[in-house]
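For reference, the structure discussed in these notes is given below.
Readers should treat all values here as calculations from the given coordinates under stated rules, not as data from a laboratory. A quick note: this is a predicted structure, and the numbers were derived from the prediction, not measured. Cβ atoms come from the backbone with ideal geometry, glycine included; neighbour counts cover every protein chain shown.
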Amino acid sequence: MRKLLTLTFTILGCAAFGPRPASALGFSAPNPKFVYNDASGKKQSAEVVDKYYPKKIVQPVAGDSKIDPKLRRAATIAEERARAHSLSKCWHFVKEALVAAGVVKSRPQTPLAKQAGQELVNNYGFKKLPVSDPYQAPVGAVLVYGAKRAAGHVEIRTENGFVSDFRSKTPSRRPLLGVFAKT
C-alpha cells in the first residue's frame, strides 16, 4: 500500500512540474520578420507571409443599377443558406434562392446546371450579359459554367465572391457559358 501511495504521488508530481508545450504556458510564437538593408543602407524589416491565398478578390465589386434588385436579395439568401463545402447541388440551391427572392415565379425545371442559362432566358425574362470575366459580373447575376461530360455548375455573384450550395471567394474553374441577369 505504501509503495502504491508513493508511486501515485511521484506520478502526480511529475505531471504537475514536468515540461509543457509553450501554448499551455501562455507563450505565443512571435511574428517572423525579414530584415534587410535598403538602397540607402538603412535597416528595414517586413513581416514574413506564411499563408498564401490564391486568386483573392482584389477588384471592386461590379455594380449595375440596371439589374433587378431582387437578384441582390437572391444572392443574400443563397449566401445565408450555403454550406462551407459543396454538396453537388449548386443548381438546386440557386433555384431555391431565386424563388425565395421572388425573381422567378415558379421553380425552374432543367435538371442540369449547364442548361440553366437557356431556361432563364427562355422562360423567366433573363438576359445574357456581355461579361466574360466572372469578377466583372454584377452582384446578383447568375453565372453558368459548362462541362463536357458533367452537369456543369451554376453560382450567383455576391459582394464577397460567389455562392451556390457553398461559398467561395473565387469563381469556378470550369468554362464560363454566360452571365445572366434580369433587368
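Points 7 angstrom from Cα along the Cβ direction at Ser132 and Val35: gap in nanometres?
Each label point lies 7 Å from its Cα, and together they span 5.1 nm.
Classify the stretch 112-151: rounded, prolate or oblate, from the alpha-carbon gyration tensor (a ≥ b ≥ c, eigenvalue square roots; a/c under 1.5 rounded; otherwise prolate if a/b is larger than b/c)?
Note, shape of the stretch 112-151 comes out oblate.
For Gly178, enumerate residues with amide H under 5 Å from its amide H, sequence gap 5+ or separate chain, H modeled in the peptide plane.
Val144
With θ set to phi - 60° and the Karplus curve 6.51 cos²θ - 1.76 cosθ + 1.60, what are the ³J(HN,Hα) couplings of the stretch 87-101 in order, to the nearest whole Hz, using x for Gly and Pro?
Along the stretch 87-101, the couplings run 10, 6, 10, 4, 5, 4, 5, 5, 4, 4, 5, 5, 5, 4, 7 Hz.
Which length gain, in nm to one decimal place, applies between Ala46 and Glu80 when the Cα-Cα distance is subtracted from 0.36 nm times their residue separation? Spell out each step's value before the answer.
Values: separation 34, 0.36 × 34 = 12.24 nm, distance 3.78 nm.
Extra length from Ala46 to Glu80 when fully extended: 8.5 nm.
Taking amide H positions as placed 1.01 Å from N in the peptide plane, with prolines and chain starts having none, which residues 5 or more places from Ala141, or on another chain, fall under 5 Å of its amide H?
The list, which skips near neighbours in sequence, is Arg157.
If you take the square roots of the eigenvalues of the alpha-carbon gyration tensor of the stretch 96-183 and sort them as a ≥ b ≥ c, do you get rounded (a/c under 1.5), prolate (a/b over b/c) or oblate?
Rounded.
Along the positive direction of the dipole of the stretch 124-178 (beta-carbon charges: Lys, Arg +1; Asp, Glu -1; about the Cα centre), which of Tyr135, Phe162, Ala150 reaches farthest?
Ranked along the dipole, the leading option is Ala150.
Taking θ = phi - 60°, what integer Hz values does the Karplus form 6.51 cos²θ - 1.76 cosθ + 1.60 yield along the stretch 155-171, in sequence order, with x for Gly and Pro?
Values per residue, Gly and Pro as x: 8, 10, 6, 10, 5, 9, x, 9, 9, 9, 8, 8, 9, 8, 7, 10, x Hz.
Determine the distance separating the Cα centre of the stretch 117-133 from the Cα centre of the stretch 155-177; give it in Å without decimals.
Centre-to-centre distance over Cα atoms comes out at 16 Å.
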